[in-house]
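What follows is calculated from the coordinates using simple rules that are stated; it is not laboratory data. What you see is a predicted model, and the numbers here were worked out from it, not measured in a lab. Don't worry about glycine lacking a Cβ; one is built from the backbone with ideal geometry, like all the others, and counts go over all protein chains shown.
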Amino acid sequence: MDFRVGIPKIRVLPPPEERLRSLTQGADQAEAWAAKLRVKLEPYIDRVVEMRRRLATIAVAVLAVWLCLHVAFGANGMVVYRAKKAEYEKLQKQIGDMQKENDGFSKQVEELKSDPKRIEKEAREQFHYARPGEVVYVAPDDPVVQPPSNRSASK
């Protein structure tokens, strides 16, 4: 078994003068590298600066086209809005028709509850009631036509 205890190494920082010296020594190399990079990238940077107005105009145009398409055909765009509006108007018309029908039925119920002439009319029509001395005539149902029993009879 290994019973050694590991002690972390203590890092000793150099004094501030040494740190500053190491930075100044690397600064010359960093400036040289940046100058080389700038020389390489300068034509591209100049080209981008020259084209920035065109690029901005193209970006605004693309944004405007995307926005128009989104407004027209998006999830809540004009196409969907018009379809939902047409459906809403159709449903409102159906509600109006059903409300009229419901009012008619309510009127019939009230008449059947209170109007004796209406009660008498319904009793005569549905139950074939008659007053004393009246005769009720009922038309016979239409006879049911039987299909022929074999094919030869239908020819």
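Taking the C-alpha atoms only, the angle from helix 78-114 to the longest principal axis of the chain is near 30 degrees.
Each label point was placed 7 Å from the Cα along the Cα-to-Cβ direction; for Glu134 and Asn102 their separation is 3.6 nm.
Put simply, the chain fits an ellipsoid with semi-axes of 100, 32, 27 Å; these come from the alpha carbon gyration tensor as the roots of five times its eigenvalues, largest first. Semi-axes of the equivalent ellipsoid for the range 15-73, computed as √(5λ) from the eigenvalues of its C-alpha gyration tensor and ordered from largest down, come to 47, 18, 6 Å.
Any idea how many Lys pairs in the chain come in under 17 angstrom at the alpha carbon, given 8 or more places apart or on separate chains?
Working: Lys84/Lys93; Lys85/Lys93; Lys90/Lys100; Lys107/Lys117; Lys107/Lys121; Lys113/Lys121.
Counting lysine pairs in the chain gives 6.
In this simple spin-label model, placing a label point 7 Å from the Cα along the Cα-to-Cβ direction at both Val60 and Gln126 gives a separation of 7.7 nm.
If we count chymotrypsin sites (Phe, Trp or Tyr not before Pro) as exposed when they sit in a DSSP loop and have at most 15 other beta carbons within 10 Å, what is the longest stretch of the chain that avoids them all? Provide the component values of the computation, followed by the final result.
Details: sites that count: Phe3, Tyr129, Tyr137.
No qualifying site falls inside 4-128, the longest such stretch.
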